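The values are calculated or read from the model by the stated rules, or taken from the named source; none is laboratory data. It should be emphasised that the depicted structure is a prediction, and the values quoted were computed from it without experimental measurement. For neighbour counting, all protein chains shown are included, and Cβ atoms are generated from backbone atoms with ideal geometry for every residue, glycine included. Ligands, DNA and RNA are excluded from the accessible area calculation, which covers all protein heavy atoms including side chains. Shrake-Rupley method; radii C 1.70, N 1.55, O 1.52, S 1.80 Å.
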Amino acid sequence: MQSITGSGLPNSHQALLKNQHLLSGRLALLGVSSAHLLPALPFNGLAMSEHAGVFRTLERHDGWQAAFGYDDPALADNSYDSVVVFLPKARAELEMRLELARALAANSARLILIGEKKEGIAGAIKQLKAVAPQASKADSARHCQVWCADSIEPLPGFRVQDWLSWSTVECSGISIDVAGLPGIFSQDGLDKGTRMLLETLAEQPMQADRLLDFACGAGVIGTWIQAWQAAKQAPVASIDGVDVQSQAVICARETYQRNRAEGSIVASDGLVGIDGLWPGVISNPPFHTGVKTDTSMTEQFLQDVKRHLQPGGELRLVANSFLPYEPLIKRYIGRVERLREDGRFTVYRAFRGQ
């Protein structure tokens, strides 16, 4: 069995290993962020992650059933005796994750909630006690709290569609309906960076019949472009989307369906496993890991995207102006120009050389 200390595991996963005596019977883990946890546990079960890259690593562990996000068919109702919930980054997502946990729970199951103090576990206890008033603290370890609730009340099932919300996004005279789920970036409306990007697309459209939207979120960019093209009676491009997060993929597919947009939405950690060439690629890429600025995902994307961009094809990207993207785009794609900037955001455009 793997050592708890020095394991490189997240604190929440180390706290579970310290308290594995709380586990019994059939086991479900919700919100796993490191597959290295699985071989350190004494028995197998279900492991769910909403991150496509983590999910792929979970799939490699024999004896474990891996699940990607909240709509995976592997999530079998009322099948588990111990259900572990790792605290998600977004407080709104915890309520949804707790409902899924209760749907997975067998009769007399034990629910365990683990989260770091800096992630807000203290505030999350109110949400836990709303569904399990009998919950009590079992331990404080690895800067985390471990809470336990025995004989939780199971639910007859879970449907992620019950958590969908809809909002209207308007830009440059074009309105679209956008799906939302707890924990997704775009649920708070159209952010200023995306708005600036869309405005440049209205002023200087991309000349491509197929586009790839990297880190597509809820599908706003692809849906809006197609609606704008239709309104201008211009040829409507097919726009494929890729995102790393389960909720984003679910929402993008719902947004496309509601607005009759054309294109495939796939889950991927970056461009790993993505095949194909596109005459245009567009993105408002993430630059946070938790609360920390992290540009590594975008730098990896810029390294990888050239092989998916046709010769002469355009990359258009919006980013916070303080991020060092211009030299990276120049290095990996080619000559780059700034289409618009306002001090906070910059829209870049580059064309791949022949």
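Restriction of the trypsin sites (Lys or Arg not before Pro) in segment 175-239 to DSSP coil positions whose beta-carbon has at most 14 other beta-carbons within 10 angstrom yields Lys232.
Helix content alone sets the calculated 222 nm mean residue ellipticity of the chain: runs of n ≥ 4 DSSP H residues at -39500 (n - 2.57) each, divided across all residues, give -8000 deg cm²/dmol. Could you work out what % of the accessible surface of the chain is carbon and sulfur, using a 1.4 angstrom probe and leaving DNA, RNA and ligands out of the count? Carbon with sulfur: 47 percent of the solvent-accessible area.
The candidates Arg316, Arg338, arranged from most to least accessible area with a 1.4 Å probe in the full protein assembly, appear as Arg338, Arg316.
What does the charge add up to near His13, with Lys and Arg as +1, Asp and Glu as -1, over the other residues with Cβ less than 12 Å from its Cβ? List each step's numbers first, then the result.
Numbers: positive: Lys18, Arg142; negative: Glu116.
Within the 12 Å Cβ shell, the charges total +1.
Here the Kirkwood formula, the inverse mean of 1/r across different C-alpha pairs, assigns segment 231-348 a hydrodynamic radius of 15.6 Å.
Pairs from the list Lys89/Lys129; Lys126/Lys192; Lys192/Lys306; Lys18/Lys118 with a Cα-Cα gap above 29 Å: Lys126/Lys192.
Computed from the alpha carbon positions, the gyration tensor of segment 67-225 leads to an equivalent ellipsoid with semi-axes of 39, 18, 13 Å, biggest first. With Cα atoms as the point set, segment 221-260 shows a radius of gyration and Dmax of 11.0, 34 Å.
In Å², and per residue, what accessible area does segment 2-96 have when probed at 1.4 Å with the other protein chains present?
Details: 3810 Å² over 95 residues.
Normalised by residue count, the accessible surface of segment 2-96 is 40 Å².
For Leu155, nonlocal amide neighbours, meaning residues 5 or more places apart or on other chains whose placed amide H falls under 5 Å from its own, are Ala103, Ala105.
Computed over neighbours whose Cβ is under 10 Å from that of Cys148, the net charge equals 0, Lys and Arg +1, Asp and Glu -1.
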